[in-house]
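**Student:** Encoded as structure tokens, here's the structure I'll be asking about.
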Amino acid sequence: MLQRVQTIWLFFATAAIFSLFLFPYLQAINSDGTSKAVKVTGVYESIGGNIVQTEPFLALTIVTVILGLIPFLAIFLFKNRKKQMMLCYICIAGILGFSFWMVQTAKQVLGNITLQTENYGLGVILPSLSVLFVILALRGIRSDEKLIKSAERLR
């Protein structure tokens, strides 16, 4: 059923992943004084008062959309809880790999700039938050599975 609590958690996981398009995960200031913001769509720099995308990340953008759609599609598999759980596990593994890829991309783009805690944006927290939401959804799916099995035993 769509009104179960795991639907809410999976929707929040989807929203957290798609929020990566809005918030940068790293912000740094170059040696020449221009600021750089790294998002999943690319690197944005402030040049002459205008924010310009200097380097696009097409593959990272496509994978972000795919990862955002996985928990959304899992919402509609409520009749097949085994598939729903499998899709959630795939989503968790994908988000963990995606987070590693985001870090490697940022290292490659920023080069020798040393990062401090004030350089990290809200986008750094969002993949971890999404994993947490998927884990909470898994907990709800498992409790539904236990409830169905106990009802089957009573028949």
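**Student:** Restricting attention to the range 80-110, which residues are under 22 Å from residue 58 (Cα atoms) and of a type in the set (Ser, Thr, Tyr)?
**Tutor:** Within the range 80-110, 99, 105 qualify.
**Student:** Within the range 109-153, how many residues turn out to be closer than 30 Å to residue 43 by Cβ and at pLDDT 80 or above?
**Tutor:** Within the range 109-153, residues that are closer than 30 Å to residue 43 by Cβ and at pLDDT 80 or above number 16.
**Student:** Hey, can you tell me all the residues within the range 95-150 that are among the polar types (S, T, N, Q), within 25 Å of residue 84 (Cα to Cα) and surrounded by fewer than 12 Cβ atoms within 10 Å (Cβ to Cβ)?
**Tutor:** 150, the sole residue that qualifies.
**Student:** Just to be sure before I move on: is residue 93 in contact with a Leu (Cβ under 7 Å, 6 or more places away or on another chain) and either of a type in the set (Asp, Glu) or at negative phi (or both) in the structure I sent?
**Tutor:** So residue 93 does not fit the description; no.
**Student:** Can you tell me which residue is nearest to residue 104 (Cα to Cα) among those in the range 42-70 that are of a type in the set (S, T, N, Q) and surrounded by fewer than 17 Cβ atoms within 10 Å (Cβ to Cβ)?
**Tutor:** 61
**Student:** Against the conditions (1) in contact with a strand residue (DSSP E or B) (Cβ under 6 Å, 6 or more places away or on another chain); (2) modelled with pLDDT of 85 or more, where does residue 51 fall short? Just the number, please.
**Tutor:** Unmet condition: (2).
**Student:** Which residues, counting only those in the range 90-107, are without any contact (Cβ under 8 Å) to a residue 40 or more places away in the chain and of a type outside the set (Gly, Ala, Ser)?
**Tutor:** 90, 96, 98, 100, 103, 104, 107
The values are calculated or read from the model by the stated rules, or taken from the named source; none is laboratory data. The model shown is predicted, which means the values in this text are computed figures rather than measured ones. Note that we place each Cβ from the backbone using ideal geometry, even for glycine, and neighbour counts take in every protein chain shown.
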